[in-house]
Amino acid sequence: MTTTPVVGVLALQGAFREHRRAFERRGARVVEVRKPAHLDGIGGLVIPGGESTTMAKLMRAYGLDQAIPAFHAAGGAVWGTCAGAIAVARDIEGHPDQPRLGLLDLGVARNAYGRQVASFEADLDVDGLDAPFHGVFIRAPRIVRVGSGVATLASFDGDPVAVLGDRVLATVFHPELAGDDALHQLFLERVCSVELAPR
Ligand code: GLN
């Protein structure tokens, strides 16, 4: 039997509306998370792209810097995209004091795809998807270290760009802008472990 999955989208700053629509197209109910109480009853949480230092300050101001790790420790799934991937990483190269959730044993470098071509698009082969996924990279972080226990699902130019650890997915591109909900479905099925109704 399938029940409607409920996921949260961190809605403090950044590209959260597009994630909401992608999940709704896949049959999930979406809660906009702005304070710790909004985490109650959701199975997974997306931390969207935006500006990672601004988002970190807002998470701290609302107590989500404590509540999100507690949500994950209690069995919740988390997906960080772009700035969200920075938020879930353990190490942020050159920014030792930037607050982070540190949910995934990963090292990232911010804005590390060069000044001239800071934004670009590329088709990616993603482990678990049948068709190439169109990756939209916008001032993306580069993954510079992947810890043991973290699997690389997709790479670009030799660097991992989608990785999966213990109930934490990180993608350095913007899957909500691809016009393709396949990664939202992968998150629901493979990371949140929900069974979606056939489409
Ligand atoms: N460059 C941003 C940061 O470091 C992330 C960019 C994005 O999320 N599109 O916070």
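The values are calculated or read from the model by the stated rules, or taken from the named source; none is laboratory data. Everything numeric in this text was worked out from a predicted model, so none of it was measured. Glycine also receives a Cβ, built like all others from the backbone with ideal geometry; neighbour counts cover every protein chain displayed.
Looking across L153, L177, one residue alone is away from the ligand (no atom under 11 Å from the Cβ) and touching a strand residue (DSSP E or B) at 6+ places or on another chain (Cβ under 9 Å). It is L153.
Among the residues of the range 121-142, those identified as in contact with a strand residue (DSSP E or B) (Cβ under 7 Å, 6 or more places away or on another chain), part of a loop (DSSP other than H, G, I, E, B) and buried (at least 18 other Cβ atoms within 10 Å of the Cβ) are V126, P141.
Residues that are under 18 Å from P99 (Cα atoms), assigned to a strand (DSSP E or B) and at pLDDT 95 or above: does the range 29-42 have at least one? If you could, list the steps in order and put the result at the bottom.
Quick first cut of the range 29-42, residues under 18 Å from P99 (Cα atoms) only: 34-36.
Remaining after also requiring assigned to a strand (DSSP E or B): none.
For the range 29-42, residues under 18 Å from P99 (Cα atoms), assigned to a strand (DSSP E or B) and at pLDDT 95 or above: absent.
Filter the range 150-198 down to residues that are part of a helix (DSSP H, G or I) and of a type in the set (A, V, I, L, M) and give me whichever is surrounded by the most Cβ atoms within 10 Å (Cβ to Cβ). By that ranking, first place goes to L183.
Looking only at residues in the range 136-150 that are under 17 Å from I86 (Cα atoms) and small (G, A, S), the one that is nearest to the ligand (Cβ to nearest atom) is A140. Assess whether G94 counts as being part of a loop (DSSP other than H, G, I, E, B), without any contact (Cβ under 8 Å) to a residue 60 or more places away in the chain and within 16 Å of the chain's Cα centre (by Cα). Answer is no for this residue.
Residues of the range 167-199 that are out of contact with any Leu (no Cβ under 8 Å at 6 or more places or on another chain) and over 18 Å from F133 (Cα atoms): R167, C192, S193, E195, A197, P198, R199. Being in contact with a helix residue (DSSP H, G or I) (Cβ under 8 Å, 6 or more places away or on another chain), within 11 Å of the ligand (Cβ to nearest atom) and assigned to a loop (DSSP other than H, G, I, E, B) is the filter here, so list the residues in the range 101-120 that pass it. Within the range 101-120, just R110 meets the criteria.
Would you say R21 is assigned to a helix (DSSP H, G or I), under 19 Å from L183 (Cβ atoms) and not aromatic (F, W, Y)?
Working: assigned to a helix (DSSP H, G or I): yes; under 19 Å from L183 (Cβ atoms): yes; not aromatic (F, W, Y): yes.
Spelling it out, R21 is indeed assigned to a helix (DSSP H, G or I), under 19 Å from L183 (Cβ atoms) and not aromatic (F, W, Y).
Is it true that G63 is modelled with pLDDT of 95 or more, small (G, A, S) and within 13 Å of the ligand (Cβ to nearest atom)?
no
Table: residues versus (1) more than 15 Å from the ligand (Cβ to nearest atom); (2) surrounded by fewer than 16 Cβ atoms within 10 Å (Cβ to Cβ); (3) in a loop (DSSP other than H, G, I, E, B); (4) at pLDDT below 95.
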residue	(1), (2), (3), (4)
G14	no, no, yes, yes
L45	yes, no, no, no
M55	no, no, no, no
A67	yes, no, no, no
H72	yes, no, no, no
G75	yes, yes, yes, no
W79	no, no, no, no
